[in-house]
Amino acid sequence: MVETIVWTDAGVVMIDQRRLPAEEVYVTCRDYKEVAEAIRSMVIRGAPAIGVAAAMGVALGVLRGNAPFDEICDTLAATRPTAVNLFWAIGRMKKLYASLAGEPAGEVRLRLVEEAQRIRREDIAINEAMGRHGAALVPDGKTVLTHCNAGALATAGYGTALGVIRAAVAAGKKIDVFADETRPFLQGARLTAWELLQDGIPTTVITDNMAGHFLKSGRIGCVIVGADRIAANGDVANKIGTYSVAVLAKENEVPFYVAAPVSTLDLSLASGGQIPIEQRPASEVTHVFGVPVAAAGARVENPAFDVTPNRYVTAIITERGVARAPYEESLRRIVLG
Ligand code: MRU
């Protein structure tokens, strides 16, 4: 399985997801500002993966000792607003740092580096647990539709939505995957197809506007996507276009599943309307690999995420079990243990 992000003596090493699948290039971030820039510019992306990157960024900042702790945390927190895993991971590093007040500097550095590496290891184990809970929901002999990339590349490894697919395949189910290409950044065409094909899972790339056609065809057994933030009522923020897929799935009576770790649940927000939606540069819409595809002078909107209302969500798969409506109750039970 591909290494999305690893801690090394030289710094934080990440596979450059902007260049996949054409080139497998690794980037080494040598200080926390480089980690922040890697998150902002999508060298690394996907909610759990940017959480791991932020934790490693905090550890790297403290290790290099070239900025106050709060400045390191604030810089990393200012990179991308929607995925709550980023803030969850920084919060965990802050809590540990506070608990180490008065300890020798060397000990503080060591413990923060260990914590960041622990967050990475735990993320893989969490995804495997999610796979175990979700595999039973995947119908045998059918096609699974997914949107964006919620795979090994979007996490420390194994993936959330793609982890459920991997677990279903490991359990002997005969399934294939339809990957929405996911304009404008093409996470589906470039990343999901690349990593599933590496695992020998048959994958078909479709353009985003083909999803309705195939959902109506009876060929799709279920939809599985990841999430960037889930509100207390089960509204789900995920990659732009997820909402359209969810509505089309319900219209065609195809189950719509969301796979996400507990760190993606934000019970402080009552509903999805409160989730901040990142607006990304217009050039991602007007250009594809540097080639202009839109009329010069046209106005552009580029929201990176949308919110799917809970009524379209059949179930939310977490590492602690599967939550169903009413989500206010089921998600609270999952978080409280
Ligand atoms: O803009 P991105 O590529 O970071 O968006 C990623 C997604 O929307 C994923 O579906 C989500 O983070 C879940 S990843 C396990």
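The values are calculated or read from the model by the stated rules, or taken from the named source; none is laboratory data. Nothing here was measured: the structure is a model prediction, and the numbers come from that model. A quick note on method: Cβ atoms are made from the backbone with ideal geometry, for glycine too, and the neighbour counts reach across all protein chains shown. Accessible surface areas use protein heavy atoms only, side chains included; no ligands, DNA or RNA. Shrake-Rupley method; radii C 1.70, N 1.55, O 1.52, S 1.80 Å.
Think of segment 5-127 as a dipole: +1 on every Lys or Arg Cβ, -1 on every Asp or Glu Cβ, centred on the Cα centre; then among V35, P81, A49, P81 lies furthest on the positive end.
Please give me the summed charge of the neighbours of G157: other residues whose Cβ is under 13 Å from its Cβ, Lys and Arg +1, Asp and Glu -1. Display every interim value, and only then the final one.
Numbers: positive: R120, R121, R166; negative: E3, E122, D123, E128, E195, D199.
With Lys, Arg at +1 and Asp, Glu at -1, the neighbours total -3.
For segment 210-337, the fraction of C-alpha pairs farther apart than 22 angstrom is 43 percent. Could you tell me which residue out of L196, G131, I90 lies farthest along the dipole of the chain toward its positive end? Charges go on the beta carbon: Lys and Arg +1, Asp and Glu -1, centred on the Cα centre. Of the candidates, G131 comes out farthest on the positive side. Based on protein heavy atoms only, segment 7-163 ends up with 37 Å² per residue of surface accessible to a 1.4 Å probe. Take every DSSP beta bridge whose two residues both sit in segment 133-336; close to 40 percent of them are antiparallel. Measuring spread by the Cα atoms of the chain yields a radius of gyration and Dmax of 19.3, 64 Å.
In order along segment 194-201, the Karplus-derived 3J(HN,Hα) couplings, from 6.51 cos²θ - 1.76 cosθ + 1.60 at θ = phi - 60°, round to 4, 6, 6, 5, 4, 8, x, 8 Hz, and Gly and Pro are given as x.
Filter the chain for me: DSSP H helices, axial length by Cα at least 24 angstrom, mean Kyte-Doolittle hydropathy not below 1.6. List them by residue number. Both cut-offs are met by 47-64.
The apolar share of the surface of the chain, taken as the fraction of accessible area on carbon and sulfur atoms (1.4 Å probe, ligands and nucleic acids excluded), comes to 53 percent. Per-residue ellipticity at 222 nm from helix content only, as computed over the chain with -39500 (n - 2.57) for each DSSP H run of at least four residues, stands at -11500 deg cm²/dmol. Charge dipole of the chain (Cα centre as origin; +1 on each Lys and Arg Cβ, -1 on each Asp and Glu Cβ, all else neutral): 480 debye, rounded to the nearest 20. Over the chain, Cα pairs under 8 Å with separation of 6+ residues give a relative contact order of 16 percent. Hydrodynamic estimate: the Kirkwood radius of segment 1-156 over Cα pairs, inserted into Stokes-Einstein at 20 °C and 1.002 mPa s, corresponds to D of 132 µm²/s.
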